[in-house]
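Below you'll find the structure, written out as structure tokens, and then a few comments.
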Amino acid sequence: MSAPHVISASPQFVDWLFLDLNSYFASVEQQLRPELRGKPIAVVPVDTDATCAIAASQEAKKFGIKTGTNIGEARRRCPELITVMAGHDVYVEFHHKIIEEVERHFPVHVICSIDEMACKLDAPRRRLDMAKDLAKRIKQGLRERVGECITCSIGLAPNRFLAKVASDMQKPDGLVALLPEELPGRLLELELSDLCGIGRRMEPRLHACGIRTMADLWAAEREILHRAWGGVGGDRFWHGLHGGATEDDVPPAHRTIGHSHVLAPEQRPPPAAGIVARRLMLKAASRLRRMKYRARQMHLSVRLEDGPRCEAQAKFEEGSDSIVLARVLAELWQKVMQQARWQRVKKVSVTLFGLVAEALPQQLELFAPAGSSVPKEQRENLSRVLDEINQKFGRDSVVIGFTPDTVRTFSGTKIAFTRIPDREEFKE
Ligand SMILES: [Mg+2]
């Protein structure tokens, strides 16, 4: 790649720092077990060759082994491959240590997954030289205080989308900046599928619009991407690609807090499934309160055993207390199950949205929710006390409307790649 044609003595600026840990689960294993360092290892969920790697060490990646590679296939490529059983709680523990270390240098704006986070830079650190300096200090801090095996690739760019792209461009231990005035610059080195948001389904749709290369994508008008995406997703992508503000500054109103669960056979009759829905809602409500938000809408979606999905949503006076939210859910449940003709349920999802920050001055509650004579503040305080009891004495010590035993089998906190459980959540 030739040097960009911008010659300028004025300082250059970036707005976002995106940090992506290299071979995260594998690096944690190598950190904890020095005998694994420098060796090709694959982290697996179960101990069988029929499974797939959920992470591969740098050394294993040299053999083309990556997340999703079948272990049998991986062993053919690299006979000396060592498989290691995943230890999710350790990965969460390291995750929190890593956040703590990054925050010694700069506040994390958003945690994107267990091994990715983004910082929105402030005025002094927007200068490229300062941002690079910050990135180097973070890298050094991780090595010195979290572990020598914990390395990361950092991307700097005018928005979070491009900062993530930049973090992907050099691995391991990368530091790449995409400057707004140099775009498309190094973007042209990439394939369409290298970009977050262009998956296996999106690529053919772009081809159908005549977009086959990054140069085509860069040249495409916003309307073309709107059409390719079939909606505002395309406009957003266009803005992100061209360095504009993206969903980074998402106000809480556009965020969601939700949980879903695929039901074990014994949970599939509607009465048992209803309890699962309630448990998911309480978990979401607890998270809502911890994030100091209130919700104004709830969505309930149910997938039946034989395929179809039924859903409903409701708007309500903003709130975060479990009793009121449970009442909203009960109404939604009736609606959805009527649509579903009370058939067996395979999957339940509950989402809270229309979030508002708790700190905002509250509107006067002119009409209390039906049947409630307790003021909102008191109900919210009660919910918070329940959270505290559950924190102290373990999950489901106190629940609303069902006995703990009915949910114990499923409400365990698991790691999602898209959302990291907070430490507290293991007890919610
Ligand atoms: Mg990573």
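The values are calculated or read from the model by the stated rules, or taken from the named source; none is laboratory data. Quantities reported herein were computed from a predicted structural model and do not represent experimental measurements. Here the Cβ is made from the backbone with ideal geometry for all residues, glycine too, and neighbour counts use every protein chain on show. For accessibility, only protein heavy atoms count, side chains too; no ligands or nucleic acids. Shrake-Rupley method; radii C 1.70, N 1.55, O 1.52, S 1.80 Å.
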Residue by residue through region 34-50, the couplings from Karplus 6.51 cos²θ - 1.76 cosθ + 1.60 with θ = phi - 60°, in Hz, x for Gly and Pro, are x, 5, 8, 5, x, 10, x, 10, 10, 8, 10, x, 9, 8, 8, 5, 7
In whole Hz, the Karplus estimates of ³J(HN,Hα) for region 91-102 (6.51, -1.76, 1.60; θ = phi - 60°; x where Gly or Pro) are 5, 5, 4, 5, 3, 5, 4, 5, 4, 4, 5, 4
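Expected output is a single nm value to one decimal: the length gained when fully extending between residue 327 and residue 192, i.e. 0.36 nm times separation in residues minus the C-alpha distance. What is it?
44.0 nm
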With R₀ set to 35 angstrom, the calculated FRET efficiency between the beta-carbons of residue 334 and residue 88, to the nearest 0.05, is 0.45
Averaged per residue, the 1.4 Å probe accessible area of region 7-180, protein heavy atoms only, in Å², is roughly 43
Counting only residues 5 or more apart in sequence or on a different chain, those whose built amide H sits under 5 Å from that of residue 293 are 358
Rounded to a whole %, the carbon-and-sulfur portion of the accessible area of region 76-149 at a 1.4 Å probe is 47
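Taking Cα pairs under 8 Å and at least six residues apart, what relative contact order does region 186-248 come out at, in percent?
Computed value for region 186-248: 24 percent relative contact order.
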Reported to the nearest 10 Å², residue 239 has, with a 1.4 Å probe, an accessible area equal to 80
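Report in % the part of the accessible area of region 186-248 that belongs to carbon and sulfur, leaving out ligands and nucleic acids; probe 1.4 Å. Can you show the working numbers first?
On the way: 1800 of 3610 Å².
Its accessible area is 50 percent carbon and sulfur atoms.
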